[in-house]
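Input: a single structure, listed below in structure tokens.
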Amino acid sequence: MSISFRSNMIASVNSLLLIGGAVLLSSAFAVQAETSIKVWHTLSEHNKKEFESLVNKFNRQNGDIKVTLNAFSDQDALDTALGALPSDVARPELIQIDESYIPDPSSKRSYLMPLHKVLNNHPIKGVDWFLPAKNSVSRDASGRLESFPFALDIPVIFYNLESFKKANINPPTPKRSWIDLQEQVVEVANNGSRSCPVTSDQPVSVNLESLAAVNNQPYFNSGKGKHVFKFDTLYIRHLSLMVGWVRSNMLVKPDFNDIATKRFADGECAILMSNSSNLGWFMGQRGLSFGVAGLPYYPEVTQEPGLPFIGGSSLWVTKGHSNPTYAAVSQFLEWLASPDQAALWYKNTGFLPITKEAFKASGSGKGVLGQWHTLVEPYSKQPVAIAHGFKINNYPEIRAVLNQTLDNAFGGKQSAVSALSAASAEAERIASK
């Protein structure tokens, strides 16, 4: 009996050891089978949380792929971290890159791989992209996707409903004409919003780039290998109007930081001209009642307003990774583009929809989401030539010059005429380098 019991016990122990070894071996293979995808991004605090929520959901549903996120304050901080990496292997598989409006972004960043090359081997299925191929954003000259259109936005007007109601503006919505809007701003300023009637954090986008697009005018002229910026009467008239707003304390001098957006979020400013990607953040602000509208235009220039240029950023794939890794990247992007996930992203952030399916799944809605739906819908249609977007050599450097130009004019250092004349010459010089 004792011998039999001892033999059975030894057999049981051996069985447990075999089972335990098999479990450990299985776990080891499971770890090896898991593919890791690193994503570096520069999303704002609100949009970062929305992205984290989506990624956590993806990780729960896809045990063989693990997506990890690393957030940076801005593009410069992300680029600095990229430059400090010890090797190509350490580079994240996906990085968020701001729209630079240059012809070939991957030529300036040798580590980028156009998305269409990944999709050739690992296609994303069942997707009808929201933006037509003729839009230059996220696409090359042949209409192929260079990057994943995940965080694209447009300049819009956010307006505080309570401020408009206090000013007895009925209906409480901004006028589409700049001159009519000026009359409303005066009323708003005189009825409770004197400290901040209007502000903006996107002076170049609102007052130069999309001024052209909304008024159906070319932003620049190309010929003989040159880009010529003709800041004509439209620009001079508009900048003079904005300078007048600054001098009369109707417009708080624009600035590239979060001061303007926070002042609107806190209910201090009546009107904010900024990127639509602030929409989700503002919707979550307790006590803030607001609407969203399109940028104004000049009826003397065009009968119907056009569409502002698309900006924002997108996710780029990087070089130097294995084929199974790129397959996992494609799977992750396909999941982000699926109707349910992309609809949540669109509604909760203020970024343009990734796909037409996501836009349809979101519905038209009411209130601010209904207004946003109306502003977004035209972008799904084939754009007119002016609304395709633009690509200019060395445009980030040009944009810095344009920003300084506007700052000089708003600060009274230069007249609208002299500031725009100097900017035109400098922009042409930089574009020709």
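Given a Förster distance of 56 angstrom, what is the FRET efficiency for Ser322 paired with Leu241, based on the Cβ-Cβ distance and rounded to 0.05?
Values: r = 56 Å, r/R0 = 1.00.
Efficiency for this residue pair is about 0.50.
Quick one: Cα convex hull volume of the chain, Å³ per residue?
So the per-residue Cα hull volume is 183 Å³.
What angle do you read, to the nearest 10 degrees and between 0 and 90, between the alpha-carbon axis of helix 2-33 and the longest principal axis of the chain?
30
Which of the listed residues, Pro149, Ile97, Ser87, is farthest toward the dipole's positive end in segment 75-193, when Lys, Arg count +1 and Asp, Glu count -1 at the beta-carbon?
Result: Pro149.
How much length is gained if the chain between Gln382 and Asn408 is pulled fully straight, taking 0.36 nm per residue apart and subtracting their Cα-Cα distance, in nm to one decimal? Walk me through the numbers before you get to the answer.
On the way: separation 26, 0.36 × 26 = 9.36 nm, distance 3.76 nm.
So the chain would gain 5.6 nm between Gln382 and Asn408.
Given H placed on each backbone N at 1.01 Å, which residues far from Phe150 in sequence or on other chains put an amide H within less than 5 Å of it?
Correct list: Leu315.
Hey, quick one: spin label on Arg429, modelled 7 Å out along Cα-Cβ, who in segment 371-400 has an amide N within reach, i.e. under 18 Å?
Only 393-400 fall inside the zone, counting backbone N under 18 Å.
Output ³J(HN,Hα) for segment 81-94: one whole-Hz value per residue in order, computed from phi by the Karplus curve 6.51 cos²θ - 1.76 cosθ + 1.60 with θ = phi - 60°, and x for Gly and Pro.
Result, rounded to whole Hz: 5, 4, x, 8, 5, x, 7, 5, 4, 7, 5, x, 6, 10.
Amide H of Ser177: which non-local residues (sequence gap of 5 or more, or other chain) have their own amide H closer than 5 Å, using H built in the peptide plane?
Tyr297
Relative contact order (percent) for the chain, with alpha-carbon contacts under 8 angstrom and 6 or more residues of separation? Let's see the in-between values first.
Numbers: 705 pairs, mean separation 106.3, N = 433.
Averaging sequence separation for qualifying contacts and normalising by length gives 25 percent for the chain.
When only C-alpha pairs under 8 Å and at least 6 residues apart count, what is the relative contact order of segment 193-329, in percent?
Values: 141 pairs, mean separation 51.9, N = 137.
It comes to 38 percent, rounded to a whole number.
To the nearest 20 debye, what charge dipole does the chain have about its Cα centre, counting +1 at the Cβ of each Lys and Arg and -1 at the Cβ of each Asp and Glu? Don't jump to the answer; show the numbers that get you there.
Working: 40 positive and 38 negative charges, 68 e Å.
Taking the Cα centre of the chain as origin, the dipole is about 320 debye.
For n ≥ 4 DSSP H runs only, could you compute -39500 (n - 2.57) per run for the chain, divide by its residues and tell me the 222 nm figure to the nearest 500? Don't jump to the answer; show the numbers that get you there.
Working: 17 runs with 194 residues, N = 433.
Per the formula, -13500 deg cm²/dmol.
Figure the gain on full extension for Lys165 and Ser142 (residue separation times 0.36 nm, minus the Cα-Cα span) and round it to one decimal in nm.
Working: separation 23, 0.36 × 23 = 8.28 nm, distance 4.87 nm.
The span from Lys165 to Ser142 would gain 3.4 nm if fully extended.
With θ taken as phi - 60° and the coefficients 6.51, -1.76 and 1.60, list the Karplus ³J(HN,Hα) couplings across segment 402-416 in order, rounded to whole Hz; mark glycine and proline as x.
Listing the rounded values in order: 5, 5, 5, 4, 5, 4, 5, 5, 5, x, x, 7, 9, 6, 4 Hz.
Pairs of alpha-carbon atoms within less than 8 angstrom and 6+ residues apart define the contacts here; what relative contact order does segment 253-357 have, in percent?
On the way: 51 pairs, mean separation 29.6, N = 105.
Normalised by residue count, the contact order of segment 253-357 is 28 percent.
Given the Cα-Cα distance of Ser248 and Ser222 and 0.36 nm per residue of separation, how much length would full extension add, in nm?
Contour length minus the Cα-Cα distance gives 5.6 nm.
Quick one: putting +1 on the C-beta of Lys and Arg, -1 on the C-beta of Asp and Glu, what dipole do you get for segment 251-317 around its Cα centre, in Debye to the nearest 20? Mind dumping the intermediate values first?
On the way: 4 positive and 6 negative charges, 44 e Å.
It works out to roughly 220 debye.
Tell me the label-point distance for the pair Gln61, Asn257, using the 7 Å Cα-to-Cβ offset, in nm and rounded to one decimal.
4.0
Whole number in Å², please: accessible area per residue of the chain, 1.4 Å probe, ligands, DNA and RNA not counted.
Working: 19940 Å² over 433 residues.
Value for the chain: 46 Å² per residue.
Which of the peptides 231-244, 378-391, 267-280 is most tightly packed, and how do the rest follow, going by the mean number of other Cβ atoms within 10 Å of each residue? Walk me through the intermediate numbers first.
Numbers: 231-244: 17.9, 378-391: 16.2, 267-280: 23.9.
Highest-to-lowest ranking by the protection proxy: 267-280, 231-244, 378-391.
So if we plug the beta-carbon distance of Val401 and Asn190 into 1/(1 + (r/R0)^6) with R0 = 45 Å, what FRET efficiency do we get, rounded to 0.05?
On the way: r = 37 Å, r/R0 = 0.81.
Efficiency computed from Cβ-Cβ geometry: 0.80.
Given just the C-alpha atoms of segment 40-193, how large is their convex hull per residue in cubic angstrom?
On the way: hull volume 31.0 nm³, N = 154.
In segment 40-193, the Cα convex hull volume per residue is 201 Å³.
So, R0 is 22 Å and r is the distance between the beta-carbons of Ser289 and Ser364; what FRET efficiency does that work out to, to 0.05?
On the way: r = 20 Å, r/R0 = 0.91.
Efficiency for this residue pair is about 0.65.
Ranking request for peptides 358-371, 194-207: highest mean number of other beta-carbon atoms within 10 Å first, then the rest in descending order. Intermediate values should be presented prior to the final figure.
Values: 358-371: 16.3, 194-207: 21.9.
Peptide ranking by packing, descending: 194-207, 358-371.
In debye to the nearest 20, how big a dipole does segment 291-433 give about its Cα centre with +1 on each Lys and Arg Cβ and -1 on each Asp and Glu Cβ? Write down the numbers at each step before the final one.
Numbers: 11 positive and 10 negative charges, 39 e Å.
Magnitude of the dipole: close to 180 debye.
The values are calculated or read from the model by the stated rules, or taken from the named source; none is laboratory data. In this text the structure is predicted, and so the values were computed from the model without any measurement. Reconstructed Cβ throughout: ideal geometry from the backbone, glycine too, with neighbour counts over all protein chains shown. These accessible areas exclude ligands, DNA and RNA; they are computed on the full protein's heavy atoms, side chains included. Shrake-Rupley method; radii C 1.70, N 1.55, O 1.52, S 1.80 Å.
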